[in-house]
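Any read-out appearing in this document is the output of simple, stated calculations on the displayed coordinates, not a laboratory observation. Source: prediction; values computed, not measured. Quick reminder, even Gly has a Cβ in these numbers, built from the backbone with ideal geometry, and neighbours come from all protein chains shown.
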Amino acid sequence: LVAGLEPFVIQNFGPLRLGIVGATDPMKIYESIFHLHPQKPEKVLPSLIQQVRGRGAQTILLLSHLGLKEDRRVAEIISGIDVIVGGHTHDALNPPLKINGTVIAQAGDYGRFLGRLDLEIDPVSGRVTHFEGTLLPVDDSIPPDAEAETAVEAEQARVREIMSRVVGRLDNPLALAD
C-alpha cells in the first residue's frame with residue numbers, strides 16, 4: 001500500500017457502485033529484490049472489502065494475479081467478493097466458475113482469448129443474480145482495429161522508452177545458475 005493512495009477504485013455504473021480491488025501472488029521475489037513484504041490475500045482482503053463497502057460499493061470485483069487455485073481458495077474462505085477476474089496460472093475457464101456465490105473468470109494466456117463475462121446484478125443488493133461467460137478466440141479471422149493498433153503502438157513506444165533507461169549497473173559480471 002502506498003501512503004496517500006487508496007488501494008481500490010469505486011466506479012459508478014448508473015446507480016450501481018462497483019468496488020475494484022486487486023491482489024497478486026505474494027512471491028518471495030518481491031521481498032528479496034524490491035524489499036516489499038507481501039501478505040497473503042486472507043490477511044489483506046477482508047478489511048479491504050470492508051473499506052470498499054463502507055465507501056458505498058455494492059458489488060466487489062477482485063482483479064487477481066493469484067492463480068486459479070488461490071482464486072478458488074479466496075472464493076471459499078473470504079466473503080463479500082462478487083466477481084474474481086484472474087490470471088497468473090494461464091487457465092482458460094470456459095464457462096466461468098461460481099464458488100460460494102463468487103463468479104471466477106479467467107481467459108487463458110498471451111491474448112489467445114478475449115474473455116466475455118455478462119453479469120446481471122441486483123441494483124439494491126449489488127449481488128450477481130445471473131452470469132454468462134465465454135472465451136472468444138483471438139485469431140486472424142478478426143479484422144484489425146485501427147484504434148486498438150494505435151493504442152498498442154503507443155504503449156510499445158512508451159515501454160521502449162522506459163526500458164532504455166539505465167536503472168543500475170553491475171560492478172562485476174552476474175553468474176546465473178543453470
Taking the Cβ of His90 as the center, what net charge do the other residues with Cβ under 12 Å away carry, scoring Lys and Arg +1 and Asp and Glu -1? -1
Radius 12 Å from Cβ of Ala107, net charge of other residues (Lys, Arg +1; Asp, Glu -1): 0
Can you give the angle from 0 to 90° between the axis of helix 68-77 and the longest principal axis of the chain, with both taken from C-alpha atoms, to the nearest 10? 40 degrees
How long is region 63-154 along each principal axis, judged by its Cα atoms, biggest number first, in Å? 41, 30, 24
Rounded to the nearest 10 degrees, the helix 146-163 long axis (Cα) sits at an angle to the longest Cα principal axis of the chain of 40 degrees
Using Cα positions and a limit of under 22 Å, work out the lysines in reach of Lys43, with same-chain residues fewer than 8 apart set aside. Lys28, Lys69
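Quick one: grab the alpha carbon gyration tensor of region 131-178, order the square roots of its eigenvalues as a ≥ b ≥ c, and give me rounded if a/c is under 1.5, else prolate or oblate depending on whether a/b is larger than b/c. Mind showing how you got there, number by number?
Working: a/c = 3.48, a/b = 1.94, b/c = 1.79.
It comes out prolate by the Cα gyration axes.
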Highest mean first, how do 118-130, 19-31 rank when packing is the count of other Cβ atoms within 10 Å averaged over residues? 19-31, 118-130
Residues of region 90-111 with backbone N under 12 Å of the label point set 7 Å from the Cα of Val138 along Cα→Cβ are 107-111
Sorted by chain and number, the residues with a modelled amide H under 5 Å from that of Ile104, at a separation of 5 or more or across chains, are Ile84, Leu97, Lys98, Ile99
Which of Arg112, Arg53, Arg158 moves the most in a Gaussian network model of the chain with Cα springs under 10 Å? Arg158
Applying the gyration tensor rule to the Cα atoms of region 26-112 (axes a ≥ b ≥ c; rounded if a/c under 1.5, else prolate if a/b exceeds b/c, else oblate), the class is oblate
So, R0 is 25 Å and r is the distance between the beta-carbons of Arg169 and His35; what FRET efficiency does that work out to, to 0.05? 0.85
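Based on Cβ point charges of +1 for Lys and Arg and -1 for Asp and Glu, what charge dipole magnitude is obtained for region 138-178 about its Cα centre, in debye rounded to the nearest 20?
On the way: 4 positive and 10 negative charges, 99 e Å.
Roughly 480 debye, rounded to the nearest 20.
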Once volume of the Cα convex hull per residue in Å³ is worked out from the coordinates, which option in [x] 125; [y] 194; [z] 169 does it equal? [y]
Cα-only Debye scattering, region 1-73: base-10 log of I(q)/I(0) at q = 0.19, 0.21 Å⁻¹: -0.85, -0.98
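Can you tell me the order of 55-62, 98-105 when each peptide is scored by its average per-residue count of other Cβ atoms within 10 angstrom, highest first?
Listed from highest to lowest mean packing, they are 55-62, 98-105.
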